[in-house]
Structures are given as C-alpha cells and as structure tokens.
1. Compute the relative contact order of the stretch 1-116 as a whole-number percentage, counting only Cα pairs closer than 8 Å that sit 6 or more residues apart in sequence.
2. From the phi of every residue in the stretch 183-198, what ³J(HN,Hα) in whole Hz does the Karplus formula 6.51 cos²θ - 1.76 cosθ + 1.60 yield, where θ is phi - 60° and glycine or proline is x?
3. P(r) tail for the stretch 228-275, what percent of Cα pairs lie past 15 Å?
4. Given springs between every Cα pair under 10 Å in a Gaussian network model of the chain, which of Arg334, Arg131, Arg206 has the largest fluctuation?
5. For the chain, how many pairs of lysine residues have a Cα-Cα distance under 25 Å, where the two are 8 or more positions apart or belong to different chains?
6. Pull out a ≥ b ≥ c, the square roots of the eigenvalues of the alpha-carbon gyration tensor of the stretch 259-353, then state rounded if a/c is under 1.5, prolate if not and a/b is larger than b/c, and oblate in the remaining case.
7. Helix 46-66 versus the longest principal axis of the chain: what is the Cα-based angle in degrees, 0 to 90, to the nearest 10?
8. For labels at Ala134 and Ser165 in the simple 7 Å Cα→Cβ model, what's the distance in nm?
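What follows is calculated from the coordinates using simple rules that are stated; it is not laboratory data. Values in this document were obtained by computation on a predicted structure and should not be read as measured data. Note: ideal-geometry Cβ built from the backbone for every residue, glycine included; neighbour counts use all protein chains shown.
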Amino acid sequence: MSGQAKHEQVVFCSDERSGLYAIIAIYNTALGPALGGTRFYPYESEQAALADVLNLSRAMAYKNALAGLDLGGGKAVIIGDPDRDKNEAMLRAYGRFIHSLGGRYLTACDVGTYSEDMDLVARETPYVTGRTVAHGGAGDSSILTAFGVFQGMRAAAEHSFGTPSLRGRRVGVEGVGKVGHRLVDLLVEDGAEVVICDVSEQAVERVRQRHPQVEVVADQVELTGADIDVYAPCALGGALDDDTVLRLRATIVCGGANNQLAHPGVEKRLADRGILYAPDYVVNSGGVIQVADEIGGFDMDRARAKATKIYATTLKIFATAAEDGVPPAVAADRLAERRMSEVGRIRGIWLGR
Ligand SMILES: NC(=O)c1ccc[n+]([C@@H]2O[C@H](COP(=O)([O-])OP(=O)(O)OC[C@H]3O[C@@H](n4cnc5c(N)ncnc54)[C@H](O)[C@@H]3O)[C@@H](O)[C@H]2O)c1
C-alpha cells in the first residue's frame, strides 16, 4: 500500500479473550510523541481499518504541527461495534499495548470512544489524554473544537469582508451535534443569523429550545443552496463534493467536520469559484489542543488561549495561499510540512552525554 511506506510504525494488537483487535499507526514523531484518538468502528475488513488508520494518523501529524503542538501524528482503530463489543478487559488490554510503545503514542477519544473509556485505558498506562474531568482530564473536546472553528471563521470573515465580526452574516451550520450546537451558541452571541440542518430531530430541537430564532432547513442540499454567507460543515466527512461546490452560494466554507473535501481537486474548484475554504484540520484543531493540554496537567484557560491562536494561523494560511497562488488547503499542508521539517530537524543537534 502506497501510504504505508511513509509511516514510522504500524502495530497490530490482539487479545482474543476480550475481543480486542486494534491497529495503532504512528505517522511521524518529528515534533514529539504521536497523539491521536482511538476510533472504535465496525469496519467491514481489516484492510478497510488499516486504510482508515493510515489516513487518519497522517492527518493528525499535519493538524498537530499547525496547532503549534510538540506532538507527532498517530491514530488507532479498534475493530468492532462499540455498543456491542466494548468491555473493561478489552480497553485495559488495549491500554497495555499502548504502554508497550513506551510513550511513542498517546491516545484520546474519537468516534465510538468516550472520556470514560480513556479513564479505563489510564488504569494501564499514563499515555492517554481526554479522560474525564473527575480524573484530572480535559473532558469533552468539542468545547474548544467549536471555539477554534469560530476563531477560524472570524479570520475568514476578516479576510473576505474586512471585519472579523459575524454580526448580520447568515451562517449555515450542517450538523448540530457536540461541535455544531456549541458553534451555534458562539455565532448567535456574535450576532449572526443562523440556519441549521441535522438528520436528528432531537439535535435540531435542542438548538431550537436554546435559540428559537434559528432557522431550520430540511437537509444539506437545501442548506448549501440557501442564501448564506458562510457554510459550516459540522457533520460527517466528504461534505464538499463537485455538486455541492457548484450549488454553494456562500463566500466562506469553515466548519468542524474532518475530511471535508470529498476528493483531491475540490479545493481548487472552490478557489476557482471565489469561495474561501478554511482548511478543516486547521480550524478544528481546538479539540486536540484541549486534550494535549492534559499532558502537563489540564488548565482550561491555558488551552483556550492556545486555541485562540487558530485565528492568526488561519489568517497566515490565507496570506500564504495568496502569495504562492495556491488554494488555502495546499498552503496549510506546506506550512505544516515546513514546521515538521524545520523544528523536527533540531533533534539532530547532539546534546552530549
Ligand atoms: N468532537 C470533537 O472534538 C471534534 C474534533 C475535531 C473534529 N471533529 C469532527 O467534527 C464533526 C462533528 O463531530 P461531533 O463530535 O459534533 O459529532 P456528533 O456525532 O456529536 O455530531 C454530528 C451531528 O451531525 C448530524 N448528522 C449526521 N449526518 C448528517 C447529515 N447528512 N446532515 C446533517 N446532519 C447530519 C448528526 O445527527 C449529529 O447531530 C465530525 O466530522 C468530527 O470528526 C470533532
């Protein structure tokens, strides 16, 4: 597999009695130990799980680099149905495999895993973040994820409209789950007009109760075709495909979802249509900033201050993109690669014995 050659280490972990079958992928440790969450998902095959973990761990390296963290990129997957297969012995066995890597990989929550699961992993290894607040952890990372997306959106507004304020702008939020509903809170507070859609009636109702003025549309097609200034994908990946880009009337795309570009080339189509795309892994890095802060003892104010820098980073990406004549997604990759290479290089300085 082509992507595999670039990974430093890929570890397969199995404990038959508890039903654990996990793959841990470390893309690189140029900036420090590899940090990335554990996805618990019923993959159709081991091959599908491997492909996912290789992609996700690479993306974490870029995200951590641009978030200014001293952390490399890693990710893990546990193959199975979290509702049916998850159990204490499995998570603790998984913790022991993480421990065997000696701190080269630090885990956290992802799809299908929660802070309570990390508390169990933590009984076998210290190399875990995203534990519950009661156990000294950073808790729910969607708090700073939403805050960071908001900072990225303010930067995009500054770049496109000449002011970071979203007052009076119409913002369409697709998916009002953990991240999306918090983003709506921040937008309403800033004076934006918000339009939402979600496949979950319950999720829509929660927002409506807090903010009765929020408009609700049927689905993503209606939302992206609506008269909005900003489109914020906060549901699943792949929100931006060729059809969506053609339909979009927004000036800015900035949301919390991972892997928003359905395929390579979409970033150029967006740029060609004059739509400013704030790269997903840059603006949604508030969550990893939050859990990374747990490593030295969690402090929400310090973590929030770090996540505020997403504003400046996003502005820098837009400026670099304009200078280099490339879409912002390409500029972001280049800046991340530069930091990995330049800061990673100093490890070669001999420190003596
Ligand atoms: N939680 C975090 O800290 C974090 C960090 C970085 C990135 N992300 C990414 O942000 C996105 C949202 O994460 P979350 O934690 O809020 O998840 P979530 O499951 O709490 O929320 C997702 C919401 O999207 C809705 N949804 C699903 N399909 C939809 C569709 N087709 N149209 C409209 N709505 C739809 C769901 O009903 C749900 O309400 C994901 O892509 C996730 O990978 C989350």
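1. Working: 242 pairs, mean separation 39.3, N = 116.
Relative contact order of the stretch 1-116: 34 percent.
2. 5, 4, 3, 5, 5, 4, 4, 7, x, 7, 8, 10, 10, 10, 8, 7
3. 34 percent
4. Arg206
5. The result is 17.
6. Oblate shape, in that a/c is at least 1.5 and b/c is the bigger or equal ratio.
7. 70 degrees
8. 4.4 nm
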